[in-house]
1. Given the conditions (1) under 19 Å from S223 (Cβ atoms); (2) in the same structural domain as I147 (by TED's automatic domain parsing), and given that K292 satisfies all but one, which numbered condition is not satisfied?
2. With a cut-off of at least 1 residues that are under 30 Å from E210 (Cα atoms) and over 20 Å from the mean Cα position of the chain (by Cα), name the strands (runs of 3 or more DSSP E) lying wholly within the stretch 77-116.
3. Among the residues in the stretch 135-142, are any over 26 Å from D105 (Cβ atoms) and either of a type in the set (V, I, T) or not assigned by TED's automatic domain parsing to the domain that holds K104 (or both)?
4. For the stretch 211-230: of the residues being outside any helix (DSSP H, G or I) and among the aliphatic types (A, V, I, L, M), which is farthest from L268 (Cα to Cα)?
5. Can you spot a residue in the stretch 246-262 that is closer than 26 Å to E142 by Cα, at pLDDT below 95, surrounded by 15 or more Cβ atoms within 10 Å (Cβ to Cβ) and among the hydrophobic types (A, V, I, L, M, F, W, C)?
6. Find the residue count for the stretch 1-33, including only residues that are touching a strand residue (DSSP E or B) at 6+ places or on another chain (Cβ under 7 Å) and closer than 16 Å to M43 by Cβ.
7. I'm told N290 meets every condition in (1) polar (S, T, N, Q); (2) in a helix (DSSP H, G or I); (3) under 38 Å from the mean Cα position of the chain (by Cα); (4) more than 30 Å from N214 (Cα to Cα) except one. Can you identify the failing condition by its number?
8. Taking the stretch 23-76 only, how many residues are within 22 Å of the chain's Cα centre (by Cα), assigned to a helix (DSSP H, G or I) and aromatic (F, W, Y)?
Amino acid sequence: MAIEKLRKDGEDPLILDAGDLFFSTANINKNNLESEKHRCETMLAAYEKIGCDGLNIGKYELLAGLGYLKSMRKKYAGIDFISANLRDKVTNELIFSPYKIIKKDNLNIGVIGLTNMVPDSMKSIIVVDYVKAGNDYIKKIESKVDIIVMLINAERNMQASLVSNFKNADFIFTSGSTHKTSPSTPQSNEGPFLYANGKQGKYLTVIDLEMNDNTSSIIDVSSNEQKVRQVTNRIKRLQKKEPGKKLEEIYAGQQNILNMVKRYRQELEEAESILKSANNKMRYSSFALNKKVKDDPAILAMVDSAIETCSTLNQSLPKKPKKPNSSRRPKKKSKSLKLPKPPKVKTRP
């Protein structure tokens, strides 16, 4: 298992979930409710076994109702449910902890949870403006922590504005869309790093953070390292034509290629300079949780059992009888029209 390997290598990972964990579909109804609840509880039990430092409450967590969600928090107390902008309509109190401060090595990390995707059917919840709530809690904890992490459940068209909305955060991890951030995606140098994690838990987003100076900025070295690899390979391909000569000699008179070489060298110099001067380095990677990742036997047994149980629960549901379509007229048997045989005509010899 990827996380277990990190621990065996001496790492102590901070494990967070940005929300939309609970169910496999937004269409929760009496026909799939029991199987979806069983699936949800299996995932929470597995998360508790693996270790989860914080779960943001998003749209999917609310689909079976607030009562069920609260019962899951009580049953799986080893997982902290976080939400800074969901309040109880009766008491006006926050339903969950708005943030959590976690100490890892020498760093205090503040984690804030938000959503703007609450289902319309949730009448027992007051949804506070997530931008205002998020910034209010950033102000509240920023003097107590070294790094601020936002877990935000938001629609894809809203995610582009998150960097400008939460300028004083350091990292933003999103749920609510199937988009996945590429390591080569350029990140803002002035605002927080923004990452989307793909769909259906098929990818594990890993941030490897190396902090040497709490007063200096964090530099995304993953994109610059990838830039160095890409540009170096492009220059090597151009050099293959005549390895013993300079590129200016090989492509003399081909100004377009020479201009491209000049641009490549500038990009390489800039990327290498950033890597060399970075005090605090951050690397982003996204691991596909496919067959290449070794399964933990205990977790795999839980998953296999859950699949079997969910299948049984779905099969035990009474099948709805097919209703006759009264709008259609019954088909009449078609009668073939028999034509009289033509009279035989005698021909003269």
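1. Looking at each condition in turn, K292 falls short on (1).
2. Per the criteria, 99-104, 107-115.
3. For the stretch 135-142, residues over 26 Å from D105 (Cβ atoms) and either of a type in the set (V, I, T) or not assigned by TED's automatic domain parsing to the domain that holds K104 (or both): absent.
4. Residue satisfying both the conditions and the ranking: M211.
5. Initially, the stretch 246-262 is screened for residues closer than 26 Å to E142 by Cα, giving none.
No.
6. The number of residues fulfilling the criteria is 6.
7. Status for N290: all satisfied but (2).
8. The number of residues fulfilling the criteria is 2.
The values are calculated or read from the model by the stated rules, or taken from the named source; none is laboratory data. Not measured: the values here are computed from a predicted model. FYI the Cβ positions are ideal-geometry reconstructions off the backbone, even for glycines, and counts take in every protein chain you see.
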